[in-house]
1. Take the solvent-accessible surface of the protein heavy atoms, probe 1.4 Å, and return the percent of it on segment 7-69 that carbon and sulfur atoms account for.
2. What is the packing order of peptides 299-306, 261-268, taking the mean over residues of other C-beta atoms within 10 Å and listing the highest first?
3. To the nearest 10 square angstrom, how much accessible area does D17 have with a 1.4 angstrom probe?
4. Local charge sum around W15 (other residues, Cβ-Cβ under 14 Å, Lys/Arg +1, Asp/Glu -1)?
5. Structure shown: which of K204/K246; K92/K271; K246/K271; K45/K236; K68/K302; K45/K246 lie over 32 Å apart, alpha-carbon to alpha-carbon?
6. Express in nm, to one decimal, how much length is gained between R28 and K236 on full extension, taking 0.36 nm for each residue of separation and deducting their alpha carbon distance.
7. Quick one: dipole size for segment 155-266, taken about the Cα centre, charges +1 on Lys/Arg Cβ and -1 on Asp/Glu Cβ, in debye to the nearest 20.
8. Could you sort H293, H269 by their accessible area in this structure, using a 1.4 Å probe and putting the largest first?
Amino acid sequence: MNCNFIPLDIKLDLWEDLPASFELKQNRSLISRFVREWSSLTAMKQRIIRKSGQLFCSPVLAFEEITKQQTKQNSTKRYITKEDVAVASLDKVKNDGGHVRLITKEARPQDTSTNSRKFLEEGASVPFLNPCLAQADLTVKPSASKGYLQAVDTEGNPLCLRCQQPTGQTEQEYKANSWDSRFCSLKCQEEFWIRSNNSYLRAKVFEIEHGVCQLCNLNAQELFLRLRDAPKSQRKSLLDITWASKLPLEQLNEMIRTPGEGHFWQVDHIKPVFGGGGQCSLDNLQTLCTVCHRERTARQAKERSQARRQSLASKHGADITRFLVKK
């Protein structure tokens with residue numbers, strides 16, 4: 001129909017403020033269905049559809065199509081670590097040639113492609129990296145260092161920490177400030193920080209969901225602000241009776257004494273980390289209030305325990321050799 005509109009106008013039945021084509025009976029039913037589908041999606045899913053830039057008739061089908069096209073990672077690690085970056089950089093150099101360097105925020109890059117060992121921290125080093133070697137020996141502990149081990153290709157171009165593609169900076173630029181040569185684009189930078197930095201991840205989820213629990217719709221951020229700004233003597237009465245009955249006394253006392261944002265809402269993995277949902281993009285994340293997060297974590301722990309027991313049972317049940325006696 002090539003028309004823009006605000007879904008709230010449909011919800012409030014303000015058809016007179018909408019384009020004339022919306023008045024047609026057959027169009028009204030289609031538009032109403034569209035708005036119902038759109039409203040059924042979480043704020044995170046709506047964001048994914050908007051960012052895709054696609055035109056669509058069904059928001060639900062559009063989201064399913066977008067998620068099908070996305071490359072799904074499967075990791076049981078919560079975050080990308082400096083060690084993960086180091087391994088990826090070394091693999092890139094081993095396969096395609098080049099060398100690695102240690103980049104830090106404060107100092108100039110340290111080139112590790114020398115014949116002697118360069119000590120990156122006490123008791124840890126990166127040996128000379130010859131791309132012809134069958135295997136690179138990684139003895140560095142990047143997670144304990146201040147910087148990242150970055151691959152540099154055979155032409156001297158630093159490679160992106162996220163996608164291992166050239167960052168596009170000139171030699172003069174990356175030698176002057178190596179810290180700014182970590183990523184090839186703002187998209188890679190954002191994806192990397194979401195997968196490696198809890199504070200950044202939490203801030204990005206808050207931008208979209210504003211601290212509102214996606215299961216019970218409680219505005220946990222608003223509750224936190226009310227409790228934080230209230231006199232200590234009144235804080236206990238502000239906590240919902242549900243919270244008081246479902247949270248441990250020690251946790252409740254901490255929330256009343258020194259309320260912090262993290263006491264009231266958490267960022268939860270929709271597909272749990274133990275199920276391969278770690279190191280994920282925003283579409284696998286949701287805001288949960290403390291009570292819902294606690295209940296969901298308890299259910300997942302039970303499911304994980306049951307899966308482990310079933311795995312052990314099937315493993316031992318399939319092995320009948322222990323029942324055989326050699327005569």
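The values are calculated or read from the model by the stated rules, or taken from the named source; none is laboratory data. Keep in mind that this is a model prediction, so the values were computed, not measured. In this analysis, Cβ positions are derived from the backbone assuming ideal geometry, glycine residues included, and neighbour counts consider all displayed protein chains. SASA here: full protein model, heavy atoms, side chains in, ligands and nucleic acids out. Shrake-Rupley method; radii C 1.70, N 1.55, O 1.52, S 1.80 Å.
1. On the way: 2330 of 4140 Å².
The nonpolar share, carbon plus sulfur, comes to 56 percent.
2. 261-268, 299-306
3. About 110 Å², rounded to the nearest 10.
4. Once positives and negatives cancel, what remains is -2.
5. Values: K204/K246 28 Å; K92/K271 29 Å; K246/K271 24 Å; K45/K236 35 Å; K68/K302 30 Å; K45/K246 30 Å.
Listed pairs above 32 Å: K45/K236.
6. Working: separation 208, 0.36 × 208 = 74.88 nm, distance 4.85 nm.
So the chain would gain 70.0 nm between R28 and K236.
7. On the way: 14 positive and 14 negative charges, 101 e Å.
I would put it at about 480 debye.
8. Values: H293 45, H269 15 Å².
Largest accessible area first, the residues go H293, H269.
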